[in-house]
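Here's the structure, in structure tokens; my notes come after.
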Amino acid sequence: MYPVSELIKNLADQHGRNRHNLLPILQGVVEQEKYLSEYSMIEIARELDLPASEVFGTATFYSFLEYKKMGKYIIRVCKTITCSMKGKNQILLAIEDMLKIDVGETTPDGVFSLLQTNCLGFCHKAPAMLVNNEVYTDLTPEKVHDILNSYLKKQKEGGSHDN
């Protein structure tokens with residue numbers, strides 16, 4: 001793993017240093033660092049010769065570019081009308097109750113973060129959620145407990161899901 005400034009330089013070498021290369025560089029940093037720190041956004045602005053406000057504005061516009069430290073597993077529950085009609089609120093309550101966090105929070109041990117997001121593209125199998133890059137559909141509170149317990153078990157074993 002590179003220091004952030006070296007990572008950003010390598011991403012800029014790979015993608016280019018024009019304004020239209022900003023998004024892939026932001027995505028590359030999130031892929032490696034799991035979020036965009038203030039320092040990383042300033043370094044990207046410096047590397048691309050852009051105003052820091054433009055980098056920050058782009059980063060905060062997209063829901064999958066986190067700009068605060070997140071848990072190892074980021075749970076994103078779909079908040080569309082379809083998921084809402086099919087029980088999204090019960091899914092959120094089950095997650096919040098099990099992990100003892102609210103939407104927008106991270107567990108004290110840094111393992112889980114809970115977010116809501118716009119359409120995941122699985123309306124036909126609502127309600128849906130992502131845990132990092134793994135999609136889960138046709139959710140029930142019981143199914144959510146089983147899914148999260150599998151991540152907790154992996155965490156205790158020192159392993160990780162392929163996300």
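Any read-out appearing in this document is the output of simple, stated calculations on the displayed coordinates, not a laboratory observation. For clarity, every value in this text was computed on a predicted model and none was experimentally measured. Every residue, glycine among them, receives a Cβ derived from its backbone with ideal geometry; neighbour counts consider all protein chains shown.
Assorted remarks:
- Here the sum of -39500 (n - 2.57) over DSSP H runs of 4 or more residues, divided by the residues of the chain, equals -15000 deg cm²/dmol at 222 nm, to the nearest 500.
- Seen against the Cα atoms of the chain and their longest principal axis, helix 88-99 is set at about 80 degrees.
- Secondary structure note: in the chain, about 55% of the DSSP beta bridges are antiparallel.
- Per-residue packing, averaged as other Cβ atoms within 10 Å, sorts the ranges 115-122, 85-92 into the order 85-92, 115-122, beginning with the highest.
- Nonlocal Lys pairs with alpha-carbon distance under 16 Å, the chain (8 or more apart, or different chains): 14
- Computed from Cα atoms, the angle from the helix 52-61 axis to the main principal axis of the chain rounds to 20 degrees.
- The relative contact order of the chain, computed from alpha carbon pairs under 8 Å that lie at least 6 residues apart in sequence, is 18 percent.
- Under a model in which nothing but the beta-carbon of Lys, Arg (+1) and Asp, Glu (-1) is charged, the chain shows a dipole of about 340 debye around its Cα centre.
- A simple rule links phi to the HN-Hα coupling: the Karplus curve 6.51 cos²θ - 1.76 cosθ + 1.60 with θ = phi - 60°, which for region 112-119 gives 10, 10, 10, 9, 10, 9, 6, 2 Hz, with x for Gly and Pro.
- In terms of surrounding Cβ atoms within a 10 Å radius of their Cβ, K125, K156 rank from fewest to most as K156, K125.
- Taken as Cα centroids, region 124-138 and region 29-50 sit 29 Å apart, rounded to the nearest whole angstrom.
- Sites E142 and S53, calculated FRET efficiency, Cβ-Cβ separation with R0 45 Å, nearest 0.05: 0.45
- Cα-based helix-to-principal-axis angle, 22-33 vs the chain, degrees rounded to 10: 60 degrees
- Volume per residue of the C-alpha convex hull in region 4-61, rounded to whole Å³: 65 Å³
- The convex hull around the C-alpha trace of the chain, projected and averaged over every direction, spans 10.1 square nanometres.
- For L36, nonlocal amide neighbours, meaning residues 5 or more places apart or on other chains whose placed amide H falls under 5 Å from its own, are E66, Y67, K68.
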